[in-house]
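First the structure, in the form of structure tokens, and then the observations on it.
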Amino acid sequence: MTGIESPVDMRVRIGELILANPIMPASGCFGPELAALMPLERLGALVTKTIFTGIRSGNPAHRLAETPHGMLNSVGIPSPGIARFRSEVLTRYRSFGVPVIVSIGGLAVREYFEVIEALADDEFAAVEVNVSCPNLEAGGLEIGADPVLIERVTRGVVARTARPVIIKLTPNVSSLGVLAAAAEAGGAAAVTVANTFTGMAIDHVTRRPVLGNTVGGLSGPAIKPLALRQVWEAARHISIPVIGCGGVSSAADAAEFLLAGATAVQVGTATFNRPDAMITILDGLHDLARDGAVAAIRDLTGALRLDQATGQLETRRTT
Ligand SMILES: Cc1cc2nc3c(=O)[nH]c(=O)nc-3n(C[C@H](O)[C@H](O)[C@H](O)COP(=O)(O)O)c2cc1C
């Protein structure tokens, strides 16, 4: 199957950016080296690992732990610094002819602004702002847990680039809808829902945490139902696009995220098991839409039928 023969219009729009299809990698779960194993140029976009202004070494080992149907990581976002990122990493990403979304991070609000100021608009198609970083100015609480800070970071990044700004939200909050609305109020073109869920693993024999950082982020199929619910909640609170992310490993998973309200879908952990997972998902999603007589993939966004589900919920409450 190639795009030329495709009877389904797979294009989606994120702000002013039109992507050839809705499938892209999740930040940190993908690198240009995968080009040897899959046709990267077929993806809707490429998302870089989160970049900070300075050089960071990341967290102490161990950084990964397997869990049933998931994975805990405490990689801690090692970063080569913005200068090396621009000269070595970003040029490689751009060589594939696919829109590049640069993920930026910061440990204080002004650090986000320093990263975006160090980038030129013609070097990237959109920016994804990872607000799941601990705010060292506020004692380590995630910046993304505070709607006031989210709006401030969003507004500041929007003011410093003409490219679409995507805010990647943390799911470790009680009301994701409020945070999504804060991103929209700050001028975001879209939100990504979501980053990893905080978790931990303990070795009961040594009585020590398995991860060098004690806690880490849970990803993979284990979080899919949680992320799906968060996407649905975000989409009901805002009118800008939602990019769904969390445990997507099949075309059916991707379709579920679109139905819940996502415009595009990111694939992370699935790529570690199957490097070509994104291509399998893209082709499967196309065929699934074609077989369901869906003319354009964007028609699936938010097309969840709720009438019957609402009835089921009410039934459950009364029994
Ligand atoms: C090893 C690893 C590294 C990650 N690095 C980043 C990162 O640099 N920036 C970011 O925003 N998210 C990062 N994430 C989170 C993913 O982008 C994604 O939000 C999360 O894993 C959920 O998607 P998944 O279940 O498909 O993996 C990382 C996840 C993993 C597993």
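The values are calculated or read from the model by the stated rules, or taken from the named source; none is laboratory data. Just so you know, these numbers come straight off a predicted model, no measurement behind them. Positions of Cβ are backbone-derived with ideal geometry, glycine not excepted, and every protein chain shown enters the neighbour counts.
Can you tell me which residue in the stretch 255-277 is nearest to the ligand (Cβ to nearest atom), limited to those that are over 13 Å from the mean Cα position of the chain (by Cα) and not hydrophobic (A, V, I, L, M, F, W, C)? Spell out the reasoning first.
Taking the stretch 255-277 as the starting set, the residues that turn out to be over 13 Å from the mean Cα position of the chain (by Cα) are 255-256, 258-261, 270-277.
Adding the requirement that they be not hydrophobic (A, V, I, L, M, F, W, C) leaves 256, 261, 271, 273-276.
On the way: Glu256: 13, Gly261: 17, Thr271: 8, Asn273: 11, Arg274: 12, Pro275: 14, Asp276: 15 Å.
Step by step, filter the stretch 255-277, then rank; the result is Thr271.
Give the residues of the stretch 221-261 that are outside any helix (DSSP H, G or I), of a type in the set (Val, Ile, Thr) and within 21 Å of Met278 (Cβ to Cβ), sorted by residue number.
Within the stretch 221-261, the subset outside any helix (DSSP H, G or I) is 238-250, 261.
Checking which are of a type in the set (Val, Ile, Thr) leaves us with 238, 240, 242-243, 248.
Hits for the stretch 221-261 are Val242, Ile243, Val248.
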Please give the number of the condition Asp122 fails out of (1) under 18 Å from Phe52 (Cβ atoms); (2) free of Cβ contacts under 8 Å to residues at least 24 places away in the same chain. (1)
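Hey, could you check the stretch 39-57 for residues that are more than 9 Å from the ligand (Cβ to nearest atom) and within 20 Å of the chain's Cα centre (by Cα) and say which is nearest to Gly105 (Cα to Cα)? Quick ask: steps written out before the conclusion?
Restricting attention to the stretch 39-57, the residues satisfying the condition of being more than 9 Å from the ligand (Cβ to nearest atom) are 39-46, 52-57.
Now drop any that are not within 20 Å of the chain's Cα centre (by Cα), which leaves 40-46, 52.
Details: Leu40: 24, Glu41: 26, Arg42: 27, Leu43: 24, Gly44: 23, Ala45: 19, Leu46: 17, Phe52: 5 Å.
Looking at the filtered set, the residue picked out is Phe52.
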Under the condition of being at pLDDT 90 or above and among the aliphatic types (A, V, I, L, M), which residue from the stretch 39-55 is farthest from Ile281 (Cα to Cα)? Ile51
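If you go through the stretch 161-220 one residue at a time, how many are among the polar types (S, T, N, Q), assigned to a loop (DSSP other than H, G, I, E, B) and surrounded by 17 or more Cβ atoms within 10 Å (Cβ to Cβ)?
Narrowing the stretch 161-220 to residues among the polar types (S, T, N, Q): 161, 170, 172, 174-175, 192, 195-196, 198, 206, 213-214, 219.
Now restrict to residues that are assigned to a loop (DSSP other than H, G, I, E, B): 161, 170, 172, 174-175, 195-196, 206, 213-214.
Applying the additional criterion that residues be surrounded by 17 or more Cβ atoms within 10 Å (Cβ to Cβ) yields 161, 170, 172, 195-196, 213.
Of the residues in the stretch 161-220, 6 are among the polar types (S, T, N, Q), assigned to a loop (DSSP other than H, G, I, E, B) and surrounded by 17 or more Cβ atoms within 10 Å (Cβ to Cβ).
Please determine whether any residue of the stretch 119-134 is aliphatic (A, V, I, L, M) and in a helix (DSSP H, G or I). Spell out the reasoning first.
So the first thing to find is which residues in the stretch 119-134 are aliphatic (A, V, I, L, M), and the list is 119-120, 125-127, 129, 131.
Checking the rest, the ones that are also in a helix (DSSP H, G or I) come to none.
Scanning the stretch 119-134 turns up no residue that is aliphatic (A, V, I, L, M) and in a helix (DSSP H, G or I).
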Go through (1) part of a helix (DSSP H, G or I); (2) β-branched (Val, Ile, Thr); (3) in contact with an Asp or Glu (Cβ under 6 Å, 6 or more places away or on another chain) for Val115 and report which single condition fails. (3)
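Mind checking whether some residue in the stretch 223-239 is away from the ligand (no atom under 13 Å from the Cβ) and at pLDDT below 95? Spell out how you get there, then give the answer.
Taking the stretch 223-239 and keeping what is away from the ligand (no atom under 13 Å from the Cβ), we get 229, 232-239.
Cutting the leftovers down to at pLDDT below 95 gives us none.
Within the stretch 223-239 (the criterion being away from the ligand (no atom under 13 Å from the Cβ) and at pLDDT below 95), the answer is no, since none of the residues qualifies.
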Where residues in the stretch 240-254 are surrounded by fewer than 22 Cβ atoms within 10 Å (Cβ to Cβ) and more than 8 Å from the ligand (Cβ to nearest atom), which of them is farthest from Ser74 (Cα to Cα)? Ile240
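Would it be correct to say that Asp146 is more than 16 Å from Gly81 (Cβ to Cβ), free of Cβ contacts under 8 Å to residues at least 24 places away in the same chain, buried (at least 18 other Cβ atoms within 10 Å of the Cβ) and away from the ligand (no atom under 14 Å from the Cβ)? Give the derivation first.
Numbers: more than 16 Å from Gly81 (Cβ to Cβ): yes; free of Cβ contacts under 8 Å to residues at least 24 places away in the same chain: yes; buried (at least 18 other Cβ atoms within 10 Å of the Cβ): yes; away from the ligand (no atom under 14 Å from the Cβ): yes.
For Asp146, the condition - more than 16 Å from Gly81 (Cβ to Cβ), free of Cβ contacts under 8 Å to residues at least 24 places away in the same chain, buried (at least 18 other Cβ atoms within 10 Å of the Cβ) and away from the ligand (no atom under 14 Å from the Cβ) - is met.
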As an exercise: evaluate Thr192 against (1) more than 8 Å from the ligand (Cβ to nearest atom); (2) within 18 Å of Glu128 (Cα to Cα); (3) among the β-branched types (Val, Ile, Thr) and give the number of the one condition it does not meet. (1)
Find all pairs meeting these conditions: Cβ atoms under 6 angstrom apart; at least six residues apart or on different chains; first residue within the stretch 93-104 and in contact (Cβ under 8 Å) with a residue 24 or more places away in the chain and buried (at least 20 other Cβ atoms within 10 Å of the Cβ); second residue of a type in the set (D, E, K, R) and in a strand (DSSP E or B). Ile101/Glu128; Ser103/Glu128
Looking only at the stretch 56-100, and only at residues there that are under 25 Å from Asp122 (Cβ atoms) and assigned to a loop (DSSP other than H, G, I, E, B), the one that is modelled with the lowest pLDDT: Gly81
